[in-house]
Amino acid sequence: MIKNYFKTAWRNLLKNKVYSFINILGLAVGMAVTILIGLWVWDEISYNKNFTNYEHIVRVKENSTASNSIRTFNSVPIPLSVDLRTKYASDFKRASMASWNLSNILASGDKKFSKTGMFVQPDFAKIFSFKMIEGSLNCLNDPYSVVLTQSLAKAMFGNDDLLNKLVKIDNKKSVKVSGVIADFPHNSEFSDVTFFIPWDYYEADHQWVKNSESEWDNNSFQIFAQLRDNANVNVVAVKVRKELDGHDRTDKPEVVLHPMSKWHLYNEFKEGRNTGGNIEFVWMFGIIGFFVLLLACINFMNLSTARSEKRAKEVGVRKAIGSLRKQLITQFLSESVLIALLAFALAILLVQISLPLFNELADKQMHILWNNGLFWFTALLFTLFTGVIAGSYPAFYLSSFKSIKVLKGTFKAGRFASIPRKILVVLQFTVSIALIIGTIIIYQEIQYAKNRPVGYSRDGLLTVDMNTPDLYGHYGAIRNDLVNSGAVIEMAESSSPPTDVWSNQSGFNWKGKDPNLNASFGVIRVTHDFGKTVGWNVKQGRDFSRDFATDTACMIMNQAAAKYIGLMNPIGETITHEEDKNVFKSYKVIGIIDNMLMESPFDPVKPGFYFLDYENANVVIARVNPSLSMNAALPKISNVFKKYNPGAPFEYVFADDEYTKKFSNEQRIGSLATVFAIFAIFISCLGLFGLASFTAEQRTKEIGVRKVLGASVLNLWKLLSTDFLVLVFISLFIAIPVAYYFMHNWLKNYNYHIGISVWVFITTGIMALLITLLTVSFQSIKAAIANPVKSLRTE
C-alpha cells in the first residue's frame, strides 16, 4: 500500500512538472536556509564546549562604580587569585592568573613569527584540559618554557622532535618547548591563541607585573578558575562578592563569577548585571529559520489547495470505489513527504555548495556532519516533519470533498475557498517585508556609526606594536629616519593605539569635585608629536610643545572630560592624581581637544586625559606620506624598523582597518539578515509566481470572453494583478508595526543610534509592490495576450 502511495505520488509529480518544480525548489531553498541557520545556531550554542571542565569553569570579573555608573570588567587584581585559592579552597579547585592575549615575537633560527599568546599560571593547563600532543599537563611548571599549538610548532620546526627545542621570546631570552597541544577550535575562547608562557617568566621579565602582586587596585589581569564538582556557582558567587572590600578601594568593587556557559552567549553587562548578548542573535536567527521554512511550506499549501478543483474528480472517483478518508489523507501526505525528501536531497547539495561562502560571511568553520548519526536522524525527522506540515492542510482539505457533488459536476470550491490561500500569502509577505525593514535599519545604523566624527584623521595612519626592547630608547632616531625616508610625514609614540584605550584610571581630583565621586578617565600617554601625527583638533589652549620644558607636568583633556569635571574654563586649572598610595602629582591643563573616538563607535566618548610621557609607550604611530602609494611607502618604512628591530618581522595595522573591525559583529549580523531576507523574498515570489500562473490558467475562459468584448491587455493585467497587490498592502500594514517594535528595541542597545525614518517603510513598501508586480506580471501579460479564440475553443 505504501509503495502504491509513493508510485501514485511520483506520477502526479511528473504529470505537473511546473508545479512540482516550484514546490521542490521552494522547499529545498527553505530547507537549505534552515539547515544553514541550524548549523550556525549549533556552532553558537556549542561555543567552548570542547573543554572538559566546561560546566565548572568561571571567569572572575569585577563590578566597579565610577562616575555614578557600575561597569563590569574582565580585569582584576593579582591578590584576588591568592584569596580564591586559599580562603575559598573548599569552593575552588584551581585558579590561574592570565595576561591578555598579547602579540609576541617567537624566533627559532632564521624563522620569526609574530603570534598571539598568553602568560598563564601552571593550573591554567589543567583548568582548560589541554589536549596534549607532546608533553604533559605539567608543561607550564618550568618558568623558562613555552607550550605551542600544533600548527605553530609545525610551522617553526616541521616534523622534528619538538620537546626541548629552543624558542627566543621577543628577541630577549630563549625558552624550551615543554609541550605541544592541539589547536583550539574556531568556536572557542582561545581560538587565536597559539602559545602559552609561564606566569613566572612574565613576572621576571616585567617588573611592574611583579610589583602588582600586592596591589589590590591594579586591575590589569585576568583570573580563570575551576569550581569543585559539588560547588554551585551562584552560592559561591555570593560568598566571594565582597572579597575586594577593605583594600583602600573607593569604587565599591564587587567580585563577579561568570560561568563559561555564559561567556559567549550572555556576554553583556549593564549596571553590574548580566543582561544578555549574543543569545539575542541566536533567538533571532532561529526564528528567521523557522519562518523561512514556513514560507516554503506555505508555497506547497497554496499551490496544492489552489489546484483542488483539478484533483476533485480524482478524490470523487477514489471515494466512489471505496477509499476511506484516512487513505486519501495518507495518499496526499505521501506526496508531500516525497516532495520533502526530494527537496531535502537538493537542500543538502545547496548547503554543501554554499557553505564556504556562508562560513566566510559568518566568520565560522562549519561543515555538514556527514559521519554523525544524530545529524542524519535529526535531518530525517526534520524532513518528515516538514513534509507532514507542508501537506497537512491540503491533505485534510482535499480529502473532505463530497464524491457525489464532484462526480455530478456540481462541486464548487466556494467563494471562501481562496481565503486560506490569501491569509498564507499575507503571512509570507509580512515575514519578508519585516526582514527587509530590519536589514535596512541594521545597514543604516552601521553607516551612521561609521560616519560619526572621530576627532582625528585615520587616512594613512598606521601603528606598530613595540613588542621587543630594541624599539625602546630610539624615538628621535626612528622618527628622523622615517621622516627622512620620505615615506612618513609625522611619527609619535603612545601608550594606546588611536583606536583603543588601554588604561582607565581613577584617583583624579580638581577644584569643586564632589569628595564622594569616584571618577574614572581614559589615560593615554603620548610623545610631543602625537597631536600632529593623528591630526587632533585643539579647541582651546594649545598642543604639547618642545618650546615648553614644563609640559611634562601638563595635560590635555578631551571635550567629554572638560564637560564632566564641570569647570567653566579648565585651561590653566590644576588636576591632581594619586600616582601611588598617598603619592600625588599635579598637572596643569594646557589644552582641550575634540573628542577622539577611540573605543566603541556606538557609545559616547569616554572622558580622557593625555599626558606627555616618553617612558611608557606601547605603540609607534606614523602618518604615511599621502603623495606616495602604499606600495612605495611600506618598503621604506619596513627598512627603518628592520634597522632598529632586526629580530622581529615588520608588522603593522592601519587605523582605518582597526576601526572597521569595531563594526564586524554588526556587519556580520546585517549581512546574514540580508541573505536570509533575499531568500525569504525569493521563496515568497516563487510561490506567488506559481499561484499567479494557476490563477491565470483557472481564468482562461473569462480572459478570452473579456478580450472578445474589447478588454485591453492593460485592463486584463490590472484585473489579474490587483488581488495580489491588495494582499501585499495588507502585509505592509501588519509588517511595519511589527518590524518597528523589534528594531526600535534593538537600537536601544546602542547609545549612539539612528532614529527610524518613515522613509524606510515607504521604500520597503515600494520595493515589495514592485517585486510583486514583476512576479505576477509575467503570467498576467502572458494570459492577457493569448489568442481568445484558442482559449474559448479549448474551453
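The values are calculated or read from the model by the stated rules, or taken from the named source; none is laboratory data. Quantities reported herein were computed from a predicted structural model and do not represent experimental measurements. Neighbour counts run over all protein chains shown; Cβ positions are idealised from the backbone, glycine included. Areas reflect the complete protein model, heavy atoms only, side chains present, ligands, DNA and RNA absent. Shrake-Rupley method; radii C 1.70, N 1.55, O 1.52, S 1.80 Å.
Brief remarks follow.
- Subset of segment 554-570 (residues that are surrounded by 15 or more Cβ atoms within 10 Å (Cβ to Cβ) and not hydroxyl-bearing (S, T, Y)): C554, M555, I556, M557, N558, Q559, A560, A561, A562, I565, L567, P570
- Options D110, D123, D83: the member that is over 30 Å from the mean Cα position of the chain (by Cα) and open to solvent by 50 Å² or more (accessible area, probe 1.4 Å): D110
- Residue within segment 148-167 that is open to solvent by 10 Å² or more (accessible area, probe 1.4 Å), of a type outside the set (A, V, I, L, M), outside any helix (DSSP H, G or I) and in contact (Cβ under 8 Å) with a residue 40 or more places away in the chain present: yes
- Applying the criterion of being among the small types (G, A, S) and farther than 10 Å from V146 by Cα to the residues of segment 168-190, the residue that is surrounded by the fewest Cβ atoms within 10 Å (Cβ to Cβ) is A182.
- Pair list, Cβ under 8 Å, 6 or more apart: segment 548-567 residue closer than 18 Å to D529 by Cβ, other residue assigned to a helix (DSSP H, G or I) and open to solvent by less than 50 Å² (accessible area, probe 1.4 Å): I556/G531
- Complete set of residues in segment 227-254 that are at pLDDT 90 or above and among the β-branched types (V, I, T): V233, V235, V236, V238, V240
- Residue list for segment 470-484, filter: in contact with a helix residue (DSSP H, G or I) (Cβ under 8 Å, 6 or more places away or on another chain), open to solvent by 10 Å² or more (accessible area, probe 1.4 Å) and at pLDDT 85 or above: H474, A477, D481
- Applying the criterion of being over 17 Å from A95 (Cα atoms) and surrounded by 15 or more Cβ atoms within 10 Å (Cβ to Cβ) to the residues of segment 217-249, the residue that is farthest from the chain's Cα centre (by Cα) is R249.
- All of F184, F195, F124, F190 fail the test of being within 28 Å of Y266 (Cβ to Cβ) and either of a type in the set (D, E) or touching a helix residue (DSSP H, G or I) at 6+ places or on another chain (Cβ under 9 Å) (or both), apart from F124.
- Looking at K61, K115, K126, just one residue is touching a Ser or Thr at 6+ places or on another chain (Cβ under 7 Å), modelled with pLDDT of 90 or more, more than 30 Å from E651 (Cβ to Cβ) and not aliphatic (A, V, I, L, M), and that residue is K61.
- Test for E44: is it modelled with pLDDT of 90 or more and over 28 Å from D363 (Cα atoms): no
- Here is the figure for segment 118-174: residues that are within 30 Å of F92 (Cβ to Cβ) and touching a Lys or Arg at 6+ places or on another chain (Cβ under 8 Å) total 8.
- Segment 242-264, residues that are touching a strand residue (DSSP E or B) at 6+ places or on another chain (Cβ under 6 Å) and either in a strand (DSSP E or B) or within 30 Å of F281 (Cα to Cα) (or both): E254, V256, L257, H258, P259, M260
- Within the set I571, I575, the sole residue that is farther than 18 Å from S506 by Cβ and at pLDDT 90 or above turns out to be I571.
- Segment 644-658, residues that are open to solvent by less than 70 Å² (accessible area, probe 1.4 Å) and in contact with a strand residue (DSSP E or B) (Cβ under 7 Å, 6 or more places away or on another chain): G647, A648, P649, V653, F654, A655
- When each of A379, A390 is tested for being modelled with pLDDT of 65 or more, assigned to a helix (DSSP H, G or I), open to solvent by less than 70 Å² (accessible area, probe 1.4 Å) and farther than 18 Å from Q331 by Cβ, the lone residue that passes is A379.
- Across segment 204-216, the qualifying residues are those that are closer than 20 Å to D251 by Cα and small (G, A, S), and the one among them that is surrounded by the fewest Cβ atoms within 10 Å (Cβ to Cβ) is S214.
- Extreme residue, farthest from K168 (Cα to Cα), among residues of segment 95-107 that are of a type outside the set (S, T, N, Q) and open to solvent by 10 Å² or more (accessible area, probe 1.4 Å): W100
- If you go through segment 33-70 and keep only what is of a type in the set (V, I, T) and either open to solvent by 20 Å² or more (accessible area, probe 1.4 Å) or outside any strand (DSSP E or B) (or both), you end up with V33, T34, I35, I37, V41, I45, T52, T65, I70.
- Of note, L14 does not satisfy the criterion of being surrounded by 15 or more Cβ atoms within 10 Å (Cβ to Cβ) and either at pLDDT 85 or above or over 30 Å from V236 (Cα atoms) (or both).
- Members of segment 592-605 that are within 24 Å of the chain's Cα centre (by Cα) and of a type outside the set (A, V, I, L, M, F, W, C): E599, S600, P601, D603, P604
- Selection count where residues are over 16 Å from F73 (Cα atoms) and outside any helix (DSSP H, G or I), scope segment 265-297: 2
- Note on segment 334-385: residues that are out of contact with any helix residue (DSSP H, G or I) (no Cβ under 8 Å at 6 or more places or on another chain) and polar (S, T, N, Q) amount to 5.
- Residues that are in a helix (DSSP H, G or I), among the small types (G, A, S) and touching a Lys or Arg at 6+ places or on another chain (Cβ under 9 Å) within segment 448-476 comprise just one, A449.
- Candidate set from segment 616-643 (those that are open to solvent by 10 Å² or more (accessible area, probe 1.4 Å) and touching an Asp or Glu at 6+ places or on another chain (Cβ under 6 Å)); member that is nearest to K112 (Cα to Cα): V640
- Selection count, segment 659-684, where residues are open to solvent by 20 Å² or more (accessible area, probe 1.4 Å) and hydrophobic (A, V, I, L, M, F, W, C): 5
- Strands (runs of 3 or more DSSP E) within segment 485-552 that include 2 or more residues open to solvent by 30 Å² or more (accessible area, probe 1.4 Å): 538-541
- Summed over segment 571-591, the residues that are within 41 Å of the chain's Cα centre (by Cα) and not β-branched (V, I, T) give a count of 5.
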